[in-house]
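The values are calculated or read from the model by the stated rules, or taken from the named source; none is laboratory data. As the structure is a computational prediction, the values presented were derived from the model and not from experiment. Heads up, the Cβs are rebuilt from the backbone with ideal geometry, glycines too, and the neighbour counts pull from every protein chain shown.
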Amino acid sequence: MSVAPSSRDRPATVYDVAALAGVSAQTVSRFVKGFEGIRPATRERVQAAIEELGYRPNHAARLLRTQKSNRIGALVHDMFERGPGELLRGAAIEARRWGYSLNVVGIDSLDEQSIDDAFDQFEVEQVAGILVVTLTEELREVVRRRSSNIPVLIDPADAPGPTPTTSESGGREAALHLLALGHRRIGLISGPEGRLPSKQRRDSFIQAVDAAGADVVAEWPGDWSPEAGAAAAEAFDPSAGVTGVFAANDAMAIGFIHGLIRRGIEVPGAVSVVGFDDIPVAAYLQPELTTVRPIVNDEGKTAIDALIALIEDRPAAPIVHSGTELVARSSTAPAPAG
């Protein structure tokens, strides 16, 4: 140890302690909070550095509460998926409009330690607030259990609320479109289990079909990939009488159409197909893909507005989901006669 408190003209910081102890700032933050999963030797070095520098954790906490920051932390699960990516884009634009910048940390793992690490990093960086963008209820629960002195908003894009989410309204729109075209025996390619968009699109689609007195007579599991759609096409049984299919995203819809055509099954002559996302290539396929377009940029704007209201300690406007738009193209047509 070599840095004496008397040689400093400012209070010691987490970074100072980390540098002196030879550990990360996150490790110091976890030590201060009483986290048990730190090796004894590491704990001893951190404690010695704290004592030598005269570090006062309560000073850092007070600084977090009183120092104005123009940074917002964004913790994003599966950030390269289309939905989170679009939402993040809208959030970044709105944050800039308010004079804030967005510090993005992407996580692929759902383990609690990786989330703790991200929160610790945000606290060290003294962000003004944290936006959590997640596709799973499991991750939401982990975040809810995590305590923080920083305002936190769990992305509301797929959270239940007073208005339908984009996934709920989109599943319903896909069903209503097929029903309006006269389809009564319908199939569904669902998304991966455990994902909120998957569940909400599936449930709202089935509810709308049931309410109209029609039937979902076939369902194939999916994982958002074209391969899952192609596998559903291989399993498709023409004798079941299915004339319309909703795929929970465009990639699976594209794989499904490709697989049906390879089997000599016409789209939309024999089977109409609806996707979800309206990816750029959807309008340039053969046939052009009918799909649901989610308005997720607005969801990012809404989320940032609500978080900044928390940061600035003022009432936030109620979160109203932006909804979806059905884009009808040539992959759907009236149900074949008979």
The range 185-213: number of residues that are of a type in the set (D, E, K, R) and at pLDDT below 90 = 2
With Ala212, Ala240, Ala174, Ala230 as the choices, which residue is touching a His at 6+ places or on another chain (Cβ under 7 Å), in contact (Cβ under 8 Å) with a residue 24 or more places away in the chain and not assigned by TED's automatic domain parsing to the domain that holds Val127?
-> Ala230
Only residues that are more than 17 Å from Arg82 (Cβ to Cβ), in contact (Cβ under 8 Å) with a residue 40 or more places away in the chain and in a loop (DSSP other than H, G, I, E, B): list them for the range 243-270, please.
-> Thr243, Val267, Pro268, Gly269, Ala270
Considering residues of the range 50-69 that are modelled with pLDDT of 80 or more and of a type in the set (A, V, I, L, M, F, W, C) only, the residue nearest to the chain's Cα centre (by Cα) | Ile50
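Among the residues that make up the range 179-189, is at least one of them free of Cβ contacts under 8 Å to residues at least 24 places away in the same chain and farther than 21 Å from Gly259 by Cβ?
Scanning the range 179-189 turns up at least one residue that is free of Cβ contacts under 8 Å to residues at least 24 places away in the same chain and farther than 21 Å from Gly259 by Cβ.
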Counting only residues that are outside any loop (DSSP other than H, G, I, E, B) and more than 25 Å from the chain's Cα centre (by Cα), which one in the range 271-282 is nearest to Gly171 (Cα to Cα)?
-> Val273
Any residue at all in the range 281-290 that is within 26 Å of Pro164 (Cα to Cα) and touching an Asp or Glu at 6+ places or on another chain (Cβ under 6 Å)?
-> yes
Taking the condition out of contact with any Lys or Arg (no Cβ under 8 Å at 6 or more places or on another chain), surrounded by fewer than 22 Cβ atoms within 10 Å (Cβ to Cβ) and modelled with pLDDT under 95, does Gly182 pass?
-> no
Would you point out the residue of the range 284-300, among those that are part of a helix (DSSP H, G or I) and crowded, with 18+ Cβ neighbours inside 10 Å, that is farthest from the chain's Cα centre (by Cα)?
-> Asp298
Could you check how many residues of the range 252-301 are closer than 17 Å to Gly187 by Cβ and of a type in the set (Asp, Glu)?
-> 1
Across the range 324-338, what is the number of residues that are in contact with a strand residue (DSSP E or B) (Cβ under 8 Å, 6 or more places away or on another chain) and part of a loop (DSSP other than H, G, I, E, B)?
-> 7
Among the residues of the range 208-239, which ones are in a helix (DSSP H, G or I) and more than 18 Å from Ile257 (Cβ to Cβ)?
-> Ala208, Val209, Asp210, Ala211, Ser239
With respect to the numbered conditions (1) out of contact with any strand residue (DSSP E or B) (no Cβ under 7 Å at 6 or more places or on another chain); (2) crowded, with 22+ Cβ neighbours inside 10 Å; (3) farther than 30 Å from Ala316 by Cα, which one is the sole condition not fulfilled by Gln200?
-> (3)
Modelled with pLDDT of 85 or more and part of a strand (DSSP E or B) - does that describe any residue in the range 34-42?
-> no
